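Here the structure comes first, spelled out in structure tokens, and everything after it is commentary.
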Amino acid sequence: MINIENKSLKGFKFIDLFAGIGGFHYALSSFGAECVFASEWDIHAAETYDKNFNLKPQGDITKISADEIPSHDILCGGFPCQAFSISGKQKGFEDTRGTLFFDIARIAEQHKPKVLFLENVKNLSQHDEGKTLKIILKTLENLNYTVFFKVLNASKFGLPQNRERVYIVAFRQDIESKKINFPVPPNTSSCLLDILEKNPKNAKVIRRDDIEMYKEYIPQKTIFNEMTLLNAA
């Protein structure tokens, strides 16, 4: 078992593909691993990532040659989920975003990292009657990886969000990996208030042109509200 206190990933190098604002980076670096490359094409997410970790992500991974990426032990990738999500059109590999998994495959084929650590929406495990996931697993197996996957829900691990995701962990076949112990959820309940900063003065506000800033909701006095109050009385 990895012990976070003794930094048991110290000396390991990882890359962070489709990095977002750095969820994988935060997790692995907390165990002592070093990020040697990141890629994120959303300029706002990349800016936040740079501020968080003092590492500026490269852009569109489809335009980056595997030769340009440093050698690494662990490849992390939360590859785009829109093509598989139940909230989208679910075109899978027919959607350009759905093919980005194969950029992970070409980089893994070139660098042969010890471990691949991937994440996507829960529906990836069921998309196209499970055929999409089978293609992904078979692709990784053909690259000489032993693959495991499991759907986990963040709300079962003390986070105030019902966020189900499929996690795929693949070990290079020269590494003994007959099984993997995915974490058992403690089912700890949590609410938003538990994670808010105690001192609002230290809160960090990121302003974006494409997101409307929060405005306090003030109920308006209407005929409907007055009738409701009268009926309640």
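The values are calculated or read from the model by the stated rules, or taken from the named source; none is laboratory data. Treat the numbers as computed from the prediction; the structure is a model and nothing was measured. Virtual Cβ from ideal backbone geometry, glycine too; neighbours counted across all protein chains shown.
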Unmet requirement for LEU230, which otherwise passes all of (1) outside any loop (DSSP other than H, G, I, E, B); (2) at pLDDT 80 or above: (2)
Which of the following residues is within 17 Å of the chain's Cα centre (by Cα) and at pLDDT below 95: PHE37, PHE79? PHE79
Just checking, how many residues over the stretch 154-200 are in a loop (DSSP other than H, G, I, E, B) and among the aromatic types (Phe, Trp, Tyr)? 1
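Can you tell which of PHE14, PHE37 is assigned by TED's automatic domain parsing to the domain that holds HIS111, out of contact with any Pro (no Cβ under 6 Å at 6 or more places or on another chain) and closer than 25 Å to ILE136 by Cβ?
PHE14
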So which residues in the stretch 57-82 are in contact (Cβ under 8 Å) with a residue 24 or more places away in the chain, within 17 Å of ASP42 (Cα to Cα) and in a loop (DSSP other than H, G, I, E, B), if there are any at all? PRO57, ILE64, GLY78, PHE79, PRO80, CYS81
